[in-house]
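To start, the structure under review is shown below, and the notes come after it.
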Amino acid sequence: MARHFVSTTINGDEVEFACQPGQTLLEVLRTELGMTGTKNGCGSGDCGACTVIVNDRPVNACLVLGVELEGADIETNEGMAKGNQLHPLQQKFLDHAALQCGICTPGILNMAKALLAKNPDPTESEVRYGLAGNLCRCTGYDKIVRAVLDAAKEMRVNN
Amino acid sequence: MINDNSKTNFQWVGKRTRRPDGVDKVTGRARYGDDMSMPGMLHCKVLRSPHAHARIISIDTSKATALKGVKGVLTSAEIPDHPLSKPPYAPIINDMHDISRNVMARDKVFYDGHAVAAVAATSERIAKAALKLIDVKYEILPHVLDPIEAVHPDAPILHEDQFTYLGGKTSEKPSNLFRSSVGERGDLEKGFSEADIIVERDFSSAPVHQGYIEPLACVATTSEDGCVELWTTTQGHFVIRALCAGLLNIELAKVRVTASEIGGGFGGKNTIYGEPIAIRLSQMTGRPVRMVMSRTEVFRASGPTVGSRTHVKMGVKTDGTITAAEAETWYQAGAFKGAPTGRAVETYFSAYTIANAKATVHDVCVNRPKVAAYRAPGAPMAAFAAEAVINELAGRIGMDPVDFRLKNAVTEGDQSLGGSVYGSIGLIEVLNQTKNHPHYSAPLGPNQGRGLALGYWMHGGGLSSVSSHLLDDGTVTVATGNPDIGGSRSSMRVMAAEELGIDIELIKPIVADTGSMGYSHLTAGSRTTFATGWAVVNSIREIIGKLCALAAKKWEIDVADVSWEAGQAVSTKSGDSIKPLTLKELAGMATKMGGAIAGHSEINAGGAGAAFCLQLVDVEVDPETGFVIAKRHTVIQDVGRAISPDYVEGQMQGGAVQGIGWALNEEYVYDDQGRLQNTGFLDYRMPVASDVPMIDTVLVEVPNPNHPYGVRGVGEPTLVSAPAAVANAVENAIGQQMSSLPLSPPTVLKACGQVQNAAE
Amino acid sequence: MTDLRYESPKTTEAAVALLADGGQMARVFAGGTDLLVQMHEEMIEPTLLVDIKNIQETREISFEPDFVRIGAAVTGAELGENDKLVAMWPGVVEAVELIGSYQVQGRATIAGNLCNASPAADSVPAMIAAKAIVCIAGPNGAREIPVEQMPVSPGKTSLSQGEFVTSILLPNRPDRAGDAYLRFIPRTEMDIAVVGVGVSVAINADGTCASALLALGAVSATAKLVGAASNILVGKKLDDNVLEALAAAASDACSPIDDKRGTIEFRTKVAGVLACRAAKIAWQRAENN
């Protein structure tokens, strides 16, 4: 099968990869690029574990093809921290114990980041509906929602 | 060793501390089952039966073997068989005869999704294409899914060599009923004759899945000298080692298992599925083999809980004394025996002193995947039934449901139906806290109802090994053998720091592989903080002993005159001017004065603390559509002592939300051919963030005297009472009994309609 | 194992040529939120993916004299961000915005939702109530059809080989008119509609109904217009008798199945309930315009 060469920016770095037409972004990240921070929970867009940000939009990486990403700007969980400096969301998730097994965490962090970029002062309900596409089985969502609201507050203060 | 649980001014225990593995998990660095890659790695895919029950007539793998890129193909011929186990049938879940057949079907397939053959190829795509080239001929047989139908004389029999075990003998004919567990006391007939009111009800619950977000995944590497290295997502890599080695007839020492980080387990990752297949294919091909289940495969082929059918009868006097209680439950074990019948017996009516009681629980095979544990296996469905009747009895005699439970509450010295004698327990405290909680008396809005239920779990201790090492610079590594599902490394560190009197940042907890550590049983049954934590404490106390001896040697005094206080060795001789030695100073001296200092502990912990959990749930029902949503939820639980309160709360909240899903929308849906219809998260409906409210938690601490820090398990009771509490809330919202889980909208709407019809 | 080809044409003509020659297993690829799922579940194995997202006109929302034109590759998220469109057809937009999660919204398209032809597609009842028109390009030229003529049976549309949807037209909504879409799902999000109802109404100066359209989804093989609804509403105010008749008409129009998402009895009853609720919302919006 013919391979396509695709040039993208991933977490601020120029990255070129080769992929087959049927390979999703999720497969490209994990298998071609060895970036396992984006997780595979279902492969069909129902769990949100593979949420990444493409051209400023949160999407399920399992429902995007590698071949269509020429020139795209991709953000994954691995690029969320700036050097050693954790993003406020990452920090608040640790402070609030908003993760237990952690498998849903990369996807939720990306989704939360995208949510707050669009709506810096969300209500609890807006956070819950915003995260409805991200399944968590461990935490019951309580501490996740608190962490996002607290991060939002800190990010508003800092801006 | 006497545990002094009166101390409460801890330096670390009970404080909200940072977990040591947290940073890796928020940065995508942590490595789970599918995050391991080896050079030359092959990818394995499994061919699965499309039939619920069939005989395998033939399997032709020749075309698959010939496909370019395929390196190995296997069927059950490459998986060793093991003889039938013999009475008295100890740990059934480790029955090699059954496990061999569940891993790969032999002459019959027993469920839609049962593994039939497997391929290892250079890519997943090629492996999947190869599966399509495997030709399996089946003789389809009638199937059965309901456990009561399955014991009917005309029911299709799954195993011709399975007979009902009746205590010294077996049944004459093969049966889907493997055995029944019974617990009883007193005289039921007498008890019911003393009752003023008797309630009898039937209940059913659909099977549900643990719903872990990370699918099962492993990588197996083997070498020509017969050694195996396995990387797998599991709750117990020592058990995985034992099962793989036992199944494949390999010496234990030759199998080295490393537990990856685990993306959820809840009991579902306590056993083997793909690991033996990956190992065998690796042996056959000489290359590492990766085997990852898709989400669909997880639902079709990994073990969920039992579904249940229950009959409960209870009698009460008008003064509130429960005089008799009886339960008979039929559990769907799935394709092979092993429903958690004994544990269900243990938990039935466990909170109540009832002089005359009996629970009978049947283990019945049906054409579904073999069940695995799910967070207090056997208990939530039992509580759903029993607590519904308890609530009804309270209503009938006009007694407050908490007062009713207080009146009949067990205390220390009472016994469960399974024979456990309760030690120091916090049931009364939990019930009293409930009455005083603002949720209990908060007003309800229209179409809202409040539900209440109590849950119990006995928890486990068991085998844990720990190895702790003091390093030259005064830092410490604590190695355990328990995968960290929800923050246990944090609690290990906290307990070690508390013992040593040093900062937690100086302690590094790790999970060691099976080659580096003594046997540790599963991270399950909430045994880790209890048993492994205890072993950690033991290992640190051994280190402290050696540090005191070292100080004594340095000071040339008797070791009896040295004690450990706040991170230092101090001389207790009166009138002495010896300056204390810090941990760091002593650590720096150790290797020059005798050798490296380490402590280890291999224990079989007993005395796990039983715990009770009460849940209050408010729901709102839309009477025109049957839509139900939880509006307020409070979990009040005896947690012994919360070593890491953040994570104890997290356990309580997570269990509560799993319970909401179990009560309202989760179930397996089959077509009339016994094929699973909802094989993904779209139609297996688990709660999403907008489905649930904040979950309030009340941590009642009645320390368990058997543990150095008073630890009780917390993970299980929180799920046990959740579905029952939600169901009770719906009952109260619509004024109609709800006896069948899940309470999905069609079921609720029908009940609302019945209420309306009754009113008209 | 068939090889998959991916093409990304820049013009409608190029796309048509690719699809016409692409054989039975060529597929249009826009958001991929149905297509990629079906490929993942091995329900289909396409041989050619024709990505239309680089055809400029499929990405645009444009307000023309009599219509608003929504390009086939406009995502749900983009629809929701267009204030003018939201004000004009809130029901259509809210229908599309109910599809999946925010992550899915960033990719899913209204045209894709239509062409996937699921009986439960959220956008279709709302589009039928809005009298949407589908613009199609093909080897025999361009054509336009009313939206209800698109779905033929579950998974099948009336498109022929080589044709694809380039845009969807919504007529300018007159004054004193409003629309709404409601669906029933067991959770609060992330489910496929068990019942879907799209309603649009226009109100006379005297407060009676001038025109009304009500369409149901997920209760028959394809979304359908409930003809009786118009008769019940036109000339009347929205009182309890009218609502009761509307509910009955909606329930009568159902021919649902029992499946893992709902029973016949349940769908039939809830269709009536949602018809009333959606009608009330559409009416309220009409009064406010």
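The values are calculated or read from the model by the stated rules, or taken from the named source; none is laboratory data. What you see is a predicted model; the values in this text were computed from it and never measured. Cβ placement follows ideal geometry from the backbone for every residue including glycine, while neighbour counts extend to all protein chains displayed. Note: areas computed on protein heavy atoms with side chains; ligands, DNA, RNA excluded. Shrake-Rupley method; radii C 1.70, N 1.55, O 1.52, S 1.80 Å.
Here residue B:604 passes the criteria (1) open to solvent by 50 Å² or more (accessible area, probe 1.4 Å); (2) part of a helix (DSSP H, G or I); (3) in contact with a Leu (Cβ under 7 Å, 6 or more places away or on another chain) except the one numbered (2).
The test for being over 19 Å from residue B:178 (Cβ atoms) and open to solvent by 10 Å² or more (accessible area, probe 1.4 Å) holds for residue B:56. With respect to the conditions (1) within 23 Å of the chain's Cα centre (by Cα); (2) farther than 17 Å from residue B:715 by Cα; (3) of a type in the set (A, V, I, L, M, F, W, C); (4) buried (at least 22 other Cβ atoms within 10 Å of the Cβ), residue B:530 falls short on a single one, namely (2). Applying the condition of being part of a loop (DSSP other than H, G, I, E, B) and open to solvent by less than 10 Å² (accessible area, probe 1.4 Å) to segment B:471-485 and asking which residue is nearest to residue B:501 (Cα to Cα) yields B:474.
Within the set B:691, B:683, B:646, the sole residue that is within 27 Å of residue B:301 (Cα to Cα) and not small (Gly, Ala, Ser) turns out to be B:683.
The C-beta contact set for segment C:164-186 (first residue more than 22 Å from residue C:30 (Cβ to Cβ), second residue of a type in the set (Phe, Trp, Tyr), distance under 8 angstrom, 6+ apart or interchain) comprises C:171/C:67; C:172/C:67; C:173/C:89; C:178/C:283; C:179/C:89; C:184/B:627; C:186/B:627.
I'd like the residue in segment B:260-278 that is in contact with a helix residue (DSSP H, G or I) (Cβ under 6 Å, 6 or more places away or on another chain) and either surrounded by fewer than 24 Cβ atoms within 10 Å (Cβ to Cβ) or aliphatic (A, V, I, L, M) (or both) and, out of all such residues, is farthest from the other protein chains (Cβ to nearest Cβ). I'd like the intermediate steps shown before the answer.
Residues of segment B:260-278 that are in contact with a helix residue (DSSP H, G or I) (Cβ under 6 Å, 6 or more places away or on another chain), as a first pass: B:260, B:272, B:275-276.
Adding the requirement that they be either surrounded by fewer than 24 Cβ atoms within 10 Å (Cβ to Cβ) or aliphatic (A, V, I, L, M) (or both) leaves B:260, B:272.
Working: B:260: 11, B:272: 20 Å.
Of everything passing the filter in segment B:260-278, B:272 is farthest from the other protein chains (Cβ to nearest Cβ).
Within segment B:551-589, the residues that satisfy the criterion of being aliphatic (A, V, I, L, M) and over 16 Å from residue B:468 (Cβ atoms) are B:551, B:552, B:557, B:559, B:560, B:562, B:566, B:569, B:570, B:578, B:581, B:589.
Any residue at all in segment C:268-278 that's within 14 Å of another protein chain (Cβ to nearest Cβ) and at pLDDT below 95? So far as segment C:268-278 goes, no, none of its residues is within 14 Å of another protein chain (Cβ to nearest Cβ) and at pLDDT below 95. Total residues in segment B:134-176 satisfying the condition of being surrounded by 19 or more Cβ atoms within 10 Å (Cβ to Cβ) and more than 24 Å from residue B:366 (Cβ to Cβ): the figure is 1.
Checking C:197, C:201 one by one, the residue that is hydrophobic (A, V, I, L, M, F, W, C), closer than 24 Å to residue B:747 by Cβ and crowded, with 21+ Cβ neighbours inside 10 Å is C:197 and no other. The single condition from (1) in contact (Cβ under 8 Å) with a residue 40 or more places away in the chain; (2) touching a helix residue (DSSP H, G or I) at 6+ places or on another chain (Cβ under 6 Å); (3) under 20 Å from residue C:196 (Cα atoms) that residue C:123 fails is (1). Considered as a group, the residues in segment B:552-582 that are in contact with a Phe, Trp or Tyr (Cβ under 9 Å, 6 or more places away or on another chain) and of a type in the set (A, V, I, L, M, F, W, C) include one that is most open to solvent (accessible area, probe 1.4 Å), and that residue is B:578. Scanning segment B:583-601 for residues that are on the phi > 0 side of the Ramachandran plot and either in a helix (DSSP H, G or I) or among the hydrophobic types (A, V, I, L, M, F, W, C) (or both) gives no hits. If you filter segment A:33-66 down to residues that are under 25 Å from residue B:39 (Cβ atoms) and among the polar types (S, T, N, Q), you find that the one that is nearest to the other protein chains (Cβ to nearest Cβ) is A:36. Being in the same structural domain as residue B:48 (by TED's automatic domain parsing), more than 15 Å from residue B:44 (Cβ to Cβ) and surrounded by fewer than 20 Cβ atoms within 10 Å (Cβ to Cβ) is a property that does not hold for residue B:128. For the condition surrounded by fewer than 20 Cβ atoms within 10 Å (Cβ to Cβ), free of Cβ contacts under 8 Å to residues at least 24 places away in the same chain, of a type in the set (Phe, Trp, Tyr) and more than 30 Å from residue B:682 (Cα to Cα), residue C:63 qualifies. The number of residues in segment C:46-58 being within 14 Å of chain A (Cβ to nearest Cβ) and surrounded by fewer than 16 Cβ atoms within 10 Å (Cβ to Cβ) comes to 1. Being within 32 Å of the chain's Cα centre (by Cα) and on the phi < 0 side of the Ramachandran plot: is that true of residue B:291 here? Yes: the conditions hold for residue B:291. Applying the criterion of being facing chain B (nearest Cβ under 9 Å) and open to solvent by 20 Å² or more (accessible area, probe 1.4 Å) to the residues of segment A:1-24, the residue that is nearest to residue C:41 (Cα to Cα) is A:20.
With the structure loaded, tell me whether residue B:104 is within 26 Å of the chain's Cα centre (by Cα), open to solvent by 30 Å² or more (accessible area, probe 1.4 Å) and over 30 Å from residue B:712 (Cα atoms) or whether it fails that test. Before the answer, list the steps.
Values: within 26 Å of the chain's Cα centre (by Cα): yes; open to solvent by 30 Å² or more (accessible area, probe 1.4 Å): no; over 30 Å from residue B:712 (Cα atoms): yes.
Considered against the rule, which asks whether it is within 26 Å of the chain's Cα centre (by Cα), open to solvent by 30 Å² or more (accessible area, probe 1.4 Å) and over 30 Å from residue B:712 (Cα atoms), residue B:104 comes out as no.
Picking from residues in segment A:74-86 that are open to solvent by 10 Å² or more (accessible area, probe 1.4 Å) and under 13 Å from the mean Cα position of the chain (by Cα), the one that is farthest from the other protein chains (Cβ to nearest Cβ) is A:75. Among residues of segment C:94-111 being touching a residue at least 60 places away in the same chain (Cβ under 8 Å), more than 11 Å from chain A (Cβ to nearest Cβ) and part of a helix (DSSP H, G or I), the one that is most open to solvent (accessible area, probe 1.4 Å) is C:94. Residues in segment C:214-237 that are of a type in the set (A, V, I, L, M), open to solvent by less than 40 Å² (accessible area, probe 1.4 Å) and not in a helix (DSSP H, G or I): C:214, C:215, C:216, C:218, C:219, C:223, C:226. Does segment A:25-32 contain any residue that is within 9 Å of another protein chain (Cβ to nearest Cβ), crowded, with 21+ Cβ neighbours inside 10 Å and within 17 Å of residue A:112 (Cα to Cα)? No: zero hits.
Whether any residue in segment B:451-470 is in contact (Cβ under 8 Å) with a residue 40 or more places away in the chain, surrounded by fewer than 19 Cβ atoms within 10 Å (Cβ to Cβ) and more than 14 Å from every other protein chain (Cβ to nearest Cβ) is what I want to check.
Within segment B:451-470, the subset in contact (Cβ under 8 Å) with a residue 40 or more places away in the chain is B:451-470.
This time we only want the ones that are surrounded by fewer than 19 Cβ atoms within 10 Å (Cβ to Cβ), so: B:469.
Pick out the ones that are also more than 14 Å from every other protein chain (Cβ to nearest Cβ) and you get B:469.
Yes: one or more hits.
Scanning segment B:486-510 for residues that are crowded, with 24+ Cβ neighbours inside 10 Å, aliphatic (A, V, I, L, M) and within 25 Å of the chain's Cα centre (by Cα) turns up B:492, B:494, B:495. Check whether at least one residue in segment B:310-329 is at negative phi, within 21 Å of the chain's Cα centre (by Cα) and in contact (Cβ under 8 Å) with a residue 60 or more places away in the chain, and report yes or no. No, there is no match, as no residue in segment B:310-329 is at negative phi, within 21 Å of the chain's Cα centre (by Cα) and in contact (Cβ under 8 Å) with a residue 60 or more places away in the chain.
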